[in-house]
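Q: Have a look at this one.
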Amino acid sequence: MEFEPITTQEAFDAAVAERLNANTAEVEKRFEGYMSPDDVQKNNDALNQQIADLTARNKAYEVSAIKRKVALENGLPEELIERLTGETEEEIKADAENLSKFSVKKKPTPQFSGDKPVSDTKSAAYMSMLHSLNNN
């Protein structure tokens, strides 16, 4: 290859463009598979948004679990669980206790009555034992 001097602007532009294209192709091939800083930033933004969404969902599930636990401890029916307010367990407990004063009616516990005569001896022995436990 023999040296040819560049005498026109068009020849110079063509030589520079050819050299730039060769270098650009080499650089692109060298960094193939890597992410650009803009792509990294977009990916980080998307991941941060996903983390924020998952954190919010997790918080909602935790609050829901606390509400359910507190409602069951205070004897509230399932229909009232979502009406409980608060973000912490203490706030939810206070609300549940307040609500349970108005809505929960305690069911009377059945009392043992040993007045009924029992026909078989095994049942009679159990009834006698229960009666003595209740009276002591």
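Q: Just to confirm the number: angle between the C-alpha axis of helix 121-135 and the first principal axis of the chain, 0 to 90 degrees, nearest 10?
A: So the inclination is approximately 80 degrees.
Q: How far, in nm, would the chain grow between PHE3 and ALA56 when pulled straight, counting 0.36 nm per residue and subtracting the alpha carbon separation?
A: The PHE3-ALA56 span can extend by a further 12.2 nm.
Q: For the stretch 1-84, which whole-number percentage of the solvent-accessible area (1.4 Å probe, protein heavy atoms only) is attributable to carbon and sulfur atoms?
A: For the stretch 1-84, the apolar C and S fraction of the accessible surface comes to 54 percent.
Q: So how much accessible area does THR121 have, in Å² to the nearest 10, using a 1.4 Å probe?
A: 120
Q: Moving on. Could you pull out the GluC sites (Glu not before Pro) across the stretch 10-40 that fall in loop regions by DSSP (anything but H, G, I, E, B) with no more than 13 other Cβ atoms inside 10 Å?
A: GLU32
Q: Here's a follow-up. For the chain, restrict the atom set to alpha-carbon positions and state the Rg and Dmax in Å.
A: 40.2, 128
Q: Over the heavy atoms of PHE31, what accessible area does a 1.4 Å probe trace out, to the nearest 10 Å²?
A: 110
Q: Kindly express, to the nearest 10 degrees and within the range 0 to 90, the angle between helix 89-103's C-alpha long axis and the longest C-alpha principal axis of the chain.
A: It is inclined by approximately 40 degrees.
Q: Further question on the same structure: Within the chain, how many Lys pairs that are eight or more residues apart, or on different chains, come under 13 Å at the alpha-carbon?
A: 4
Q: How many times 2.2 N^0.38 Å is the alpha carbon radius of gyration of the stretch 1-63?
A: That ratio works out to 2.34.
Q: While we're looking at this one, here's another question. So what is the accessible area of the chain per residue, in Å², with the probe set to 1.4 Å?
A: For the chain, the per-residue accessible area is 90 Å².
Q: Can you tell me the orientation of helix 9-30 relative to the chain, as the angle in degrees between its alpha-carbon axis and the longest Cα principal axis, to the nearest 10?
A: Tilt relative to the chain: about 30 degrees.
Q: Then there is this: Only helical DSSP H runs with n ≥ 4 go in: add -39500 (n - 2.57) per run for the chain, normalise by residue count and round the 222 nm mean residue ellipticity to 500 deg cm²/dmol.
A: So the calculated ellipticity at 222 nm is -23000 deg cm²/dmol.
Q: Report the extension gain between TYR126 and GLU26 in nm, rounded to one decimal, defined as 0.36 nm multiplied by the number of residues separating them, less their alpha carbon distance.
A: Length gained, TYR126 through GLU26: 26.6 nm.
The values are calculated or read from the model by the stated rules, or taken from the named source; none is laboratory data. Everything numeric in this text was worked out from a predicted model, so none of it was measured. Heads up, the Cβs are rebuilt from the backbone with ideal geometry, glycines too, and the neighbour counts pull from every protein chain shown. Note: areas computed on protein heavy atoms with side chains; ligands, DNA, RNA excluded. Shrake-Rupley method; radii C 1.70, N 1.55, O 1.52, S 1.80 Å.
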